[in-house]
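Novice: Dropping the structure in here first, questions after.
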Amino acid sequence: MLAPLLDVLYPRRCVACGSDRWPFCGPCRQQLIPLEPPWCGRCGLPMERGASSCPECPPRVVDRARSAFLFTGPARSAVHRLKFSGWRAVADALGGAAAAVWSDPVDVITW
């Protein structure tokens with residue numbers, strides 16, 4: 001109930017650069033690199049030809065991992081704002097993109 005009022009008083013800004021529109025301003029949106037196949041079947045790292053695993057895969061306790069965007073530029077800035085500045089609204093902005101890369105049920109979604 002209070003959120004709409006806060007949005008009017010303190011409009012949400014780009015989660016990457018802090019200016020303009022929510023969740024990503026135009027220039028930051030253009031710099032996002034969505035990850036698509038071919039990729040490593042286990043960790044989702046982009047590859048020229050898909051593979052079931054790669055040298056960059058996480059420890060075996062992690063079955064599979066995916067990211068919506070390449071961890072560079074605006075995506076990296078946004079995650080750092082969430083992790084190191086405590087800007088929790090970034091989770092709202094990135095959560096849908098993180099969930100959208102999975103076609104199977106998952107146990108955990110995290111950045």
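Novice: Across the stretch 97-111, which residue is farthest from the chain's Cα centre (by Cα) among those that are surrounded by 11 or more Cβ atoms within 10 Å (Cβ to Cβ) and modelled with pLDDT under 75?
Specialist: Across the stretch 97-111, the extreme among qualifying residues is Ile109.
Novice: Next up: Starting from the stretch 61-89, keep only residues that are under 12 Å from Ala16 (Cα atoms) and free of Cβ contacts under 8 Å to residues at least 24 places away in the same chain, then list their pairs with residues that are of a type outside the set (Asp, Glu) and open to solvent by 50 Å² or more (accessible area, probe 1.4 Å) whose Cβ atoms are within a distance under 9 Å, requiring at least 6 positions of separation or different chains.
Specialist: Arg76/Leu70
Novice: While we're on this one: List the helices (runs of 4 or more DSSP H) inside the stretch 1-88, counting only whole elements, that have at least 3 residues being at pLDDT below 90 and out of contact with any helix residue (DSSP H, G or I) (no Cβ under 9 Å at 6 or more places or on another chain).
Specialist: Values: elements: 3-9, 26-31, 73-85.
Because the criterion is at least 3 residues that are at pLDDT below 90 and out of contact with any helix residue (DSSP H, G or I) (no Cβ under 9 Å at 6 or more places or on another chain), the helices (runs of 4 or more DSSP H) in the stretch 1-88 that meet it are 3-9.
The values are calculated or read from the model by the stated rules, or taken from the named source; none is laboratory data. Every value quoted in this text rests on a predicted model; they were computed, and no experiment measured them. Ideal geometry is used to build each Cβ from the backbone, glycine not excepted, and the neighbour counts take in all protein chains shown. When the accessible area is computed, the model is the full protein with side chains, heavy atoms only, and any ligands, DNA or RNA have been set aside. Shrake-Rupley method; radii C 1.70, N 1.55, O 1.52, S 1.80 Å.
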